[in-house]
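The values are calculated or read from the model by the stated rules, or taken from the named source; none is laboratory data. This structure is a prediction, so every number in the text was calculated from the model and none was measured. Quick reminder, even Gly has a Cβ in these numbers, built from the backbone with ideal geometry, and neighbours come from all protein chains shown.
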Amino acid sequence: MCFHQTIINMKYLLLSFFLVPQILVAQAVHFSGKIVYEYQFLNSDDSEDITERIAPILGREQHYYIHNDSYKAFDENDNFGQLYNGSDNTYYYLSPNSENVMQTNASLQTSEVVSITHTNETAVILGIRCKQLIVKTTTDETIYFYSDKISVNSSNFSGHKLGGWNEYLKASNGALPLKYIVKGESITWVSTAIDIEEMDLEPEDFDPNLIIK
C-alpha cells in the first residue's frame, strides 16, 4: 500500500470516528412500550388523602402503552380507558357518565395553555433523575417530572391539541412524564410511574376496531 493511500485511509477512519456519534445522536431511539402509573388522590388543599374514596371511580393505576404516533391506556383490571390513533388524529375515551366509548378529533383544544415553566426542581423516579415542568391552563395546573431517557418524537403528536399534549411534548422535547400532578379546583391527582417496560409494539396494537368492543 502506498503512502498516499495510507493517509487517505487514516482520514477516512478519523472522519468515521467523528461522524458516527453524531449520526447516532441524530437517530436517537424513541421509547416504545409500557409505563404503569400508580394514582393518589388528595383534596383541594392537599391536606387529606382521599384515594380510597376516589379510586373505585377513577381507578388505582394506569397501564399506558405508546408507540410511534399512538397510545392507549387501561386500568389495573385491564378495563379500557383511552386510545389515541395518530393515523387520523382521533382520541377515544370512556364516557364518565356511562360505559360508552366516545371519540373526538384530537385537534380540539379544550383549554388554553397560559404558561409553561421549566424549574430547577428535580425528583428521582424509578432510579431516574427527572426534571420539573409546570403547565398552567385556563382550567388547571399540571406539574410534570420527566427524563430525556424516556422520550418519543414530539412532532408525531403536533396535532394532539386536546389536553395540551402537543404543548407539553414540545416543551419537554418529547420526554414522557414519569410523574404528574394535576391540581384542579376540588381535587389533586398524583400519578407516579412504578414500572417501565420497553416493548415491540405495532400500529395494529392501536387499532380501535381491535381494542374497542
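A few points about this structure:
Conditions (1) of a type in the set (A, V, I, L, M, F, W, C); (2) without any contact (Cβ under 8 Å) to a residue 12 or more places away in the chain; (3) in a strand (DSSP E or B); (4) not assigned by TED's automatic domain parsing to the domain that holds residue 108, marked per residue:
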| residue | (1), (2), (3), (4) |
| --- | --- |
| 166 | no, no, no, no |
| 180 | no, no, yes, no |
| 192 | no, no, yes, no |
| 195 | no, no, yes, no |
| 200 | no, no, no, no |
| 204 | no, yes, no, no |
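- Checking each residue in region 126-152 for being at pLDDT 95 or above, in a loop (DSSP other than H, G, I, E, B) and surrounded by fewer than 17 Cβ atoms within 10 Å (Cβ to Cβ) picks out 126, 127.
- Residues (closer than 23 Å to residue 59 by Cβ and hydroxyl-bearing (Ser, Thr, Tyr)) located in region 91-110: 91, 92, 93, 95, 98, 104, 110
- Those residues of region 84-110 which are over 20 Å from residue 213 (Cα atoms) and not polar (S, T, N, Q), in sequence order: 106, 108
- Subset of region 90-121 (residues that are acidic (Asp, Glu) and part of a loop (DSSP other than H, G, I, E, B)): 99, 112
- Test: residue in region 73-83 that is of a type in the set (A, V, I, L, M, F, W, C) and within 17 Å of residue 161 (Cα to Cα): yes
- Residue within region 77-88 that is at pLDDT 95 or above, in a helix (DSSP H, G or I) and over 23 Å from residue 198 (Cβ atoms) present: no
- Scan region 34-74 for residues that are closer than 25 Å to residue 105 by Cβ and in a helix (DSSP H, G or I) and the total you get is 1.
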